[in-house]
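Take a look at the structure below.
Only the coordinates and a few stated rules stand behind these numbers; no lab work does. Keep in mind that this is a model prediction, so the values were computed, not measured. All Cβ positions, even for glycine, are placed from backbone atoms using ideal geometry, and neighbour counts span all protein chains on display.
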Amino acid sequence: MAIDFREPSVMTVELAGRPVDVLRLDEIHPVVSGNKWYKLKSYIQYIQTHSLKGFITFGGAYSNHLHAAAMAARAYGLHPIAVIRGREFADRLNDTLLACSAEGMELQFVDRSVYDRKENDVFLEELRKAYPGYYIIPEGGSGFLGRQGVAEICKYILPSYTHILLSAGSGTTLRGIRDTIPEDRQVLGFAPMKKGAYLNEVLQCRKGNWKITDDYHFGGFGKHTPDLIDYMNRLFCQQGLPTDRVYTAKMFRGIEDLISKGYFDGSARLLALHTGGLQGNHTLKGQLEF
């Protein structure tokens, strides 16, 4: 069976007194949502075209990528294997890992030192030999095929937008969009982790129409503050926009702050990408009003 996806809508919110359009990629599916599907799509197609058994991918114990990959694999008749950072999680599966397992994903827990070899050519070749007929999908769905899938998001980006705003974790989504849209439009990525500006070096290219800021990490990746939770509740109650604590809430708070500081000129038309991840909000039970 295939997954039934919805077309994303566009809603307008007001941040610091200025309208910002939001492409609701989170609406396309409850789990395989946001940029997760777009990063997986071309990998799934490649695996099917070459009649492979399934795939191996990587992630942490709370990875939205693993959950989305597990559901996509079941829907398309593939066997998924996840290499998970941290052996300690093997004896205490959290909600994300339980959901992955329920979808038929094989969970393999490794020490962090082993996990850190996930991009090592020797390690990857060992995996290929151990699992013939399986394709290796990089952590988070990064890589060329991930960027190729992400490029499809650009069909929803109207020419009238001058600035495309998005959260940038690995930089895959930012790069896929940056390399596809015309150079006269600006792409601004909000890194959700400390020292995330290193992505400016990693993603270097001749195009000068993009930038990454790490001024809005709220303590680091996966971290949050009471102020951020308050902001999430305010954004939902006043604007009807749900966000997640890891990526999108930090981005929207950053957009609001930049607007208040006059970062965008008066003629700029802003489009923010809502890249999903809302299922991760279950860790904030009792703190959110949505």
task = In whole angstrom, note down how far apart the Cα centers of the stretch 59-76 and the stretch 1-53 are.
result = 14
Normalised per residue, the volume of the convex hull around the Cα set of the stretch 37-141 (Å³) = 87
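Roughly what percent of Cα-Cα pairs across the chain reach past 35 Å?
Values: 6746 of 41905 pairs.
Distances greater than 35 Å cover 16 percent of the Cα pairs.
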note = Simple SL model, points at 7 angstrom along Cα→Cβ for Asn233 and Phe144; separation in nm is 4.9
message = Considering only C-alpha atoms, what is the centroid distance from the stretch 80-143 to the stretch 261-290, in Å?
response = 29
inquiry  = Using the Cα centre of the chain as origin and beta-carbon charges of +1 (Lys, Arg) and -1 (Asp, Glu), tell me which of Tyr76, Gly149, His163 is placed farthest towards the positive end of the dipole.
reply    = Gly149
query = Which value at 222 nm does the chain reach when only helices count, each DSSP H run of 4 or more adding -39,500 (n - 2.57), with the total divided by all residues and rounded to the nearest 500 deg cm²/dmol?
reply = -9500 deg cm²/dmol
Karplus-derived 3J(HN,Hα), 6.51/-1.76/1.60, for each residue of the stretch 232-244, Hz, glycine and proline x = 4, 5, 5, 5, 6, 5, 8, 10, x, 10, x, 9, 10
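Starting with the fewest neighbours, write out Leu288, Leu258, Leu23 ranked by other beta-carbon atoms found within 10 Å of each beta-carbon.
Details: Leu288 17, Leu258 21, Leu23 24.
Ranked by crowding around the Cβ, least crowded first: Leu288, Leu258, Leu23.
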request  = Name the residues whose placed amide hydrogens come within less than 5 Å of the amide hydrogen of His79, ignoring near sequence neighbours (fewer than 5 apart) on the same chain.
outcome  = Gly54, Phe55
key: Hz values of 3J(HN,Hα) by residue in the stretch 245-257 - Karplus curve (6.51, -1.76, 1.60), Gly and Pro given as x   = 6, 7, 10, 6, 4, 5, 5, 5, 5, x, 4, 4, 5
ask   = Using the alpha-carbon atoms, what tilt in degrees (0 to 90, nearest 10) does helix 64-75 show relative to the longest principal axis of the chain?
value = 60
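What dipole magnitude, in Debye to the nearest 20, does the chain give about its Cα centre under +1 on Lys/Arg Cβ and -1 on Asp/Glu Cβ? Provide the component values of the computation, followed by the final result.
Numbers: 34 positive and 32 negative charges, 68 e Å.
I would put it at about 320 debye.
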message = 5 Å is the cut-off here: which amide hydrogens, built 1.01 Å from N in the peptide plane, fall below it relative to Phe109, excluding neighbours closer than 5 in sequence?
response = Ile84
request  = In whole Hz, with x marking every Gly and Pro, tabulate ³J(HN,Hα) for the stretch 86-98 from phi via Karplus 6.51 cos²θ - 1.76 cosθ + 1.60, θ = phi - 60°.
outcome  = x, 5, 4, 7, 4, 9, 8, 5, 8, 4, 5, 5, 5
